[in-house]
1. In µm²/s, what is D for the stretch B:143-186 at 20 °C and 1.002 mPa s, where D = kT/(6 pi eta Rh) by Stokes-Einstein and Rh is the Kirkwood radius from Cα pairs?
2. Say each of residue A:39 and residue B:95 gets a label point 7 Å from the Cα, pointing the same way as Cα to Cβ; how far apart are those two points in nm?
3. Would you please give the FRET efficiency between residue A:96 and residue B:139, computed as 1/(1 + (r/R0)^6) with r the Cβ-Cβ distance and R0 = 60 Å, to the nearest 0.05?
4. Based on the alpha-carbon gyration tensor of the stretch B:37-193, what equivalent-ellipsoid semi-axes (square roots of 5 times the eigenvalues) come out, in whole Å, largest first?
5. Using the beta-carbon distance between residue A:207 and residue B:380 and R0 = 56 Å, what value does 1/(1 + (r/R0)^6) give for FRET efficiency, to the nearest 0.05?
6. Considering only B:39, B:65, B:116, give the residue with the highest GNM mean-square fluctuation for chain B, with springs between Cα atoms whenever their separation is below 10 Å.
7. Please report the base-10 log of the normalised intensity I(q)/I(0) for the stretch B:320-385, using a Debye sum with one equal scatterer per alpha carbon and no solvent, at each q in 0.27 (1/Å).
8. Could you work out, residue by residue across A:220-227, how many beta carbons of other chains sit within 10 Å of that residue's beta carbon, and then give the average as an integer?
């Protein structure tokens with residue numbers, strides 16, 4: 001009797017496990033689109049006037065992304081999965097009817113000062129309406145003084161705004177494993193200040209990824225050689241960026257007006 | 001001999017009343033102990049408890065308290081040595097202290113390297129290809145270790161002790177000057193601070209950049225602490241008693257608090273006028289921004305006002321743990337840095353929620369207290385507990401710490 005009971009119990013338990021696994025698998029499998037993005041992190045009190053007029057009057061938007069290693073992904077298909085390309089797709093989906101073009105200029109290990117020296121050419125080649133400028137990590141890595149970093153950043157933003165483009169500053173990735181070796185907080189502070197002083201929205205990638213890690217959306221502490229998590233993170237960053245652009249340029253309102 | 005003739009007599013005459021009160025000021029130990037706890041908490045990035053540390057409520061943080069009190073106790077301990085036994089003996093003691101701190105720093109560096117080597121060996125993630133460049137230095141261990149011995153390579157959170165070493169190395173002549181011409185010494189220190197700001201003086205770091213705590217700037221706080229210990233505090237006391245000064249100090253602390261709030265609550269930023277933020281930012285920690293220094297002064301003024309030297313609670317068992325930690329600050333500081341590494345590691349590895357964070361923080365502080373008690377017991381056993389000046393009156397007055 002006892003034996004039978006235990007066998008029955010084992011079966012029941014096994015069945016329960018299988019059911020649970022199937023259910024979990026069914027839930028976990030597809031939705032790579034689901035990104036947990038808190039509204040407060042993609043809201044902006046600062047407008048993107050140039051983006052608004054481009055979409056409203058010309059139904060097009062040329063975006064240039066300037067950044068370092070963390071704006072790209074390695075591998076032959078890296079560019080396709082990195083956030084600039086994901087932003088392109090996300091904006092196309094949300095602003096159907098407008099011509100969206102995202103051009104990425106990603107150069108690993110470039111300090112902000114180096115990016116500024118190449119900026120004139122990029123601006124005259126691309127003639128973007130919006131520049132997304134990711135900076136800070138390379139400077140923290142090479143120990144650029146925060147004050148010098150601030151000066152370069154300021155100069156670059158001035159140059160972009162001088163070329164009649166809007167600009168969004170993007171800060172570093174949240175990287176829990178390297179946190180004890182690489183302190184990015186001083187650089188993040190500088191970016192916040194420059195963004196505020198120059199009236200440019202800040203895309204707070206640091207806070208967003210920190211949130212994901214806290215919420216368990218992504219386990220950013222995990223060690224892996226595979227690309228799937230990195231791709232999903234970049235996809236979500238692209239989507240979050242798209243939301244921030246739409247919010248800051250008030251494009252939802254535009255779309256409602258045009259569809260009416 | 002030359003030194004004794006030159007110095008001791010006039011100095012003894014000049015500063016005798018000042019150093020007469022040799023009763024240990026427990027407030028120093030208390031606040032240094034608290035500062036050590038706060039530094040420990042601040043060094044664990046993933047820790048909700050560091051919302052309670054003072055850096056979130058104003059411009060300055062525990063580092064200012066630590067450096068100021070260190071300057072104060074250094075002058076207190078070695079100032080008397082210099083007066084009583086001459087410049088050579090006192091200088092030798094200061095340099096021995098610098099050497100001890102150097103050894104402690106290298107010990108911590110070894111632990112840090114072990115942690116980094118572990119991370120490098122186990123961590124890989126294409127998402128962080130860029131950030132992993134920070135481990136490049138492991139490819140050249142010969143250069144890295146050599147640069148660490150030269151105090152040029154300093155991992156995150158290991159910047160305070162090198163600053164302390166440099167400050168102590170330069171302390172003997174400064175102490176001599178402080179005893180001889182305190183006002184002149186303080187003015188000289190302020191001049192170096194101003195020159196460092198104007199000409200961007202700092203020491204070089206490896207692989208590039210400069211020291212996170214610029215010794216040319218931070219020396220001001222250390223020397224100011226020393227100046228206070230050698231009679232400056234008494235000279236300042238009429239000023240500190242004035243209600244106007246108290247009002248200004250409280251006003252400034254409130255202002256700093258309001259500004260700090262805007263860092264964390266974004267919608268408040270619109271209330272900070274553009275001219276103010278243009279003028280104010282960045283508030284530079286590396287070069288001990290004037291706003292930070294002023295914030296520390298305000299904090300100190302208010303504290304001194306409300307916590308008198310004979311405050312009864314100072315003798316209560318409630319504050320005893322903090323005082324004990326403050327009395328053995330070098331050991332407890334090093335332990336704190338190590339515990340912060342370890343705590344951060346545990347929180348990261350087992351992804352700790354707030355409960356784990358609180359437990360680790362609390363446990364860390366308990367370990368610090370237990371260690372301080374143990375050291376105290378050792379010293380007591382050897383008959384040189386702080387305060388009981390049995391044989392050498394000064395060597396370990398500050399728990400051996402200056």
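1. Calculated translational D: 176 µm²/s.
2. That separation, rounded to one decimal, is 6.8 nm.
3. Working: r = 49 Å, r/R0 = 0.82.
In this case the efficiency is close to 0.75.
4. Working: eigenvalues 265, 86, 35 Å².
Semi-axes, largest first: 36, 21, 13 Å.
5. Values: r = 49 Å, r/R0 = 0.88.
Computed FRET efficiency for residue A:207 and residue B:380: 0.70.
6. Ranking B:39, B:65, B:116 by mean-square fluctuation puts B:116 first.
7. -1.09
8. Details: counts 5, 8, 5, 6, 5, 3, 3, 3.
Whole-number average of other-chain Cβ neighbours for A:220-227 is 5.
FYI, it's all coordinate maths here, none of it is from the lab. Everything numeric in this text was worked out from a predicted model, so none of it was measured. Cβ atoms come from the backbone with ideal geometry, glycine included; neighbour counts cover every protein chain shown.
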